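These notes concern the structure reproduced below.
The values are calculated or read from the model by the stated rules, or taken from the named source; none is laboratory data. Just so it is clear, the model here is predicted, and its values are computed rather than measured. In this analysis, Cβ positions are derived from the backbone assuming ideal geometry, glycine residues included, and neighbour counts consider all displayed protein chains.
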């Protein structure tokens, strides 16, 4: 059993890597799309600030995922593994299609689907945390859109008497800061979800490590609301490495296919997205960085004229958002049921 649990922890960090790989576009698409940074420089910049969130942001989101959404009485190693496989499967499908879907919601959906397959609807702890998470599927892109729109108008008004070349020179530097802040917010919210899954797993399996010594003693988790430092370090490292490798299919969609961006637009979109995500993170709400930055980009495009936004592409993205939780839930449930044929419960 110990080996099986260690394998699941490894798979969780693989998901975190894929999360960074899949969602790297959120952090770098605007700064690449505006040609402020070259692609490799941009991913290195984003990865650095993904990891930096470890030293700045708390663990409220991790505690929400670890103990606030799924009844821990039904959590078993196989339930957790089914949820991770469902989330990884959906992430890879949407990556292949080049759709910026939410890794966060894929993880939540996969975990919930696997738990329901194991114990029925009693596995879901319906309450405030679920309501907030589902509400922010709609709210977070709208907040991002509003902030992107307003920040773009403020920036254009502030610099309307400045020559275009000087203004763009300023915003090329400003976008370095906004990209850094957005990358930090991305790491802060997304890495914590994997932490929560791992802590929930180790808490449910604490009897397997109660008498262990040496390295294995660190896998003993007695308090589901306490996140061990090694889990934080590993989760932030995994998501940063994933970002470093990048998901170039989605970069193209985010950076140029929704709307054409200039440095002022990239700055406005990243700043609006970062504010939205950090606000949600401070309240322990697991939001989608994908939804938020997409909303911000749409808001920036709409601030000049509505026709600047490619609404057909935006519509495809919205459908991906709508289907992510149920699709990942189905995949998580199927993974659990298939594993139940030959793995321990």
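Could we say that residue 202 is assigned to a helix (DSSP H, G or I), more than 23 Å from residue 60 (Cα to Cα), in contact with a helix residue (DSSP H, G or I) (Cβ under 9 Å, 6 or more places away or on another chain) and in contact (Cβ under 8 Å) with a residue 60 or more places away in the chain here? Answer is no for this residue. Quick test for you: out of 37, 85, pick the one residue that is assigned to a helix (DSSP H, G or I) and either touching a helix residue (DSSP H, G or I) at 6+ places or on another chain (Cβ under 9 Å) or closer than 17 Å to residue 287 by Cβ (or both). Within the list 37, 85, the selection yields 85.
Per the conditions (1) part of a helix (DSSP H, G or I); (2) surrounded by fewer than 17 Cβ atoms within 10 Å (Cβ to Cβ); (3) at pLDDT below 85, the sole criterion not satisfied by residue 190 is (2). Those residues that are buried (at least 24 other Cβ atoms within 10 Å of the Cβ) and either touching a helix residue (DSSP H, G or I) at 6+ places or on another chain (Cβ under 6 Å) or free of Cβ contacts under 8 Å to residues at least 60 places away in the same chain (or both), I need them from region 95-111; list them, please. The answer is 100, 101, 102, 103, 104, 105, 106, 107, 109, 110, 111.
Yes or no, residue by residue, for (1) outside any helix (DSSP H, G or I); (2) at pLDDT 60 or above:
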site: 250; (1), (2): no, no
site: 290; (1), (2): no, yes
site: 298; (1), (2): no, yes
site: 336; (1), (2): no, yes
site: 342; (1), (2): yes, yes
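A count restricted to region 174-186 and to residues that are at pLDDT below 85 and surrounded by fewer than 19 Cβ atoms within 10 Å (Cβ to Cβ) stands at 0.
The requirement of being over 12 Å from residue 272 (Cα atoms) and surrounded by 18 or more Cβ atoms within 10 Å (Cβ to Cβ) is fulfilled nowhere in region 140-151; no residue meets it.
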